[in-house]
Amino acid sequence: MGRKAIGTLMLLATLSVIGVVVIQLLWLRQASQYRSEQVALNRERAQQLEKQFNDRVIIALTDVTEQILSITKDPSDLYDAVKQERPNYFVVTINDTLHPYLLESLLRKEFSRRNIQEDFEYGIYDCFTDSVVYGNYVSFDTLKTDTIRHSTLLTLDKDGHYFGVYFPQRSSSLWEEEQLGGWTWIFPAVVTLIVFSFFAYSVWVILKQKKLSEMKNDFIGNMTHELKTPISTIALSSEVLSDPGIVQEPERLQAYARIIRTENERLRNQVERVLQLATLDKDELVLKHEPVDMHEVAREVADHFALPLAERRVHLELALEATATKVAGDRMHLTNVVTNLLDNALKYGYDSSTIDLRTLSRGGEFLLMVKDHGIGIRKEDLKHIFERFYRVHTGNVHNVKGFGLGLHYVQQIAHAHKGGIAVQSEPGQGSTFTLSLPLAH
């Protein structure tokens with residue numbers, strides 16, 4: 001998928017998500033307005049219904065009290081006898097003899113007469129101790145009663161009692177409606193969040209795949225160029241050596257044989273790097289654990305680079321200052337690591353400059369630092385240089401040889417040896433790579 005197609009896809013996807021979010025916001029706004037109106041109407045209607053219910057209960061209780069007092073007292077004592085303590089609890093101050101079954105019978109009759117068909121509890125209290133002496137739960141659905149008696153039931157034929165009526169199934173429905181209405185916001189918000197998260201993840205995957213595709217294409221282009229050059233050189237040298245007259249020129253014969261050997265070694269190194277990457281990808285890396293003298297490795301690598309350094313007139317400064325030099329690891333892979341670091345310093349350094357290879361001991365670690373005085377690395381590239389296939393752009397794809405595998409390999413091998421690799425760099429001032437490895441015990 002090309003850059004233009006991806007850009008178009010991103011634009012359409014972004015517009016789609018924006019449209020979904022806008023529609024959700026508009027819907028939520030309308031839903032909020034509608035819910036507010038409904039809540040206001042429901043609140044008003046509920047308040048009216050609750051007031052009607054309370055009025056009917058107060059009238060019913062007043063009639064019950066009047067009938068009780070008509071037996072023993074003057075009904076004129078009814079003034080302010082019925083009080084509503086809570087929305088679902090009423091108290092009747094009677095200060096008279098109360099007979100539980102008569103009270104219950106009157107409550108049933110008056111509630112039914114005023115169409116109050118809700119379960120209720122009533123309790124008879126002693127005015128002096130303010131404790132319940134008799135109580136009962138009355139259900140209109142099942143016509144079953146559960147009597148609740150005090151542990152010391154008093155004789156109810158004495159004066160000095162009052163009773164209360166409680167409706168357990170009545171509660172404020174307004175709060176429940178408001179709480180339920182809150183879910184109308186949560187569900188669309190969750191859906192919108194899921195859609196946005198999926199969109200963001202899809203964009204991240206597309207960009208990552210695009211970047212990986214570009215790096216792979218760059219890798220294939222570099223690999224083709226890197227392999228084609230030595231193959232062409234070997235083919236040309238072979239044609240020259242096939243000339244029978246070359247035998248008469250031994251110096252020329254040796255020169256072309258040396259070219260073939262050099263290019264063949266270069267070709268082998270390139271193939272070896274690709275194979276190393278394949279080994280790392282398959283998790284088939286098997287390391288030896290043997291004592292390795294890193295100073296010996298550093299000297300061997302320095303000797304190997306003697307000719308390339310001389311061709312570019314670069315001086316390698318060795319400062320092997322570490323006091324403890326042996327680490328436990330795989331000598332071949334550690335040699336490749338130092339080779340890659342020195343090779344990078346030579347690639348990105350200037351001609352006629354200096355490369356510093358220094359070793360130090362720090363606690364239980366061996367440090368190997370390779371410093372070049374070259375083009376350096378930009379800050380935005382530093383966090384990517386250890387990624388597979390990543391190469392720092394220098395303006396020309398082929399002015400610096402390589403596949404973008406060396407530093408990735410260095411990092412993987414360093415981590416496999418329980419060590420690490422760090423870099424410090426400034427554009428135009430060169431770079432310093434520091435390899436840290438735990439010392440062998």
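The values are calculated or read from the model by the stated rules, or taken from the named source; none is laboratory data. All of these numbers come straight from a predicted model, not from anything done at the bench. Cβ: placed from backbone, ideal geometry, glycine included. Neighbour counts: every protein chain shown.
In summary, helices (runs of 4 or more DSSP H) completely within region 296-389 and bearing 3 or more residues that are closer than 22 Å to GLN270 by Cβ, of a type in the set (Ser, Thr, Tyr) and within 43 Å of the chain's Cα centre (by Cα) occur at 331-348. Need pairs with beta-carbon distance below 7 Å; first residue within 14 Å of GLU214 (Cβ to Cβ) and within region 1-16, second part of a helix (DSSP H, G or I) and modelled with pLDDT of 75 or more; sequence gap 6+ or separate chains. Filtered contacts from region 1-16: ILE6/ILE206; ILE6/LYS210.
Annotation for region 87-100: at least one member residue is at pLDDT 80 or above and in a helix (DSSP H, G or I). Residues that are exposed (fewer than 15 other Cβ atoms within 10 Å of the Cβ) and either within 60 Å of the chain's Cα centre (by Cα) or modelled with pLDDT of 55 or more (or both) number at least 2 in the following strands (runs of 3 or more DSSP E) confined to region 113-201: 145-149.
Assigned by TED's automatic domain parsing to the domain that holds ASN54, farther than 15 Å from TYR137 by Cβ, in contact with a strand residue (DSSP E or B) (Cβ under 8 Å, 6 or more places away or on another chain) and touching a residue at least 24 places away in the same chain (Cβ under 8 Å): does that describe ASN88?
Taking the combined requirement at face value, the residue does not satisfy it.
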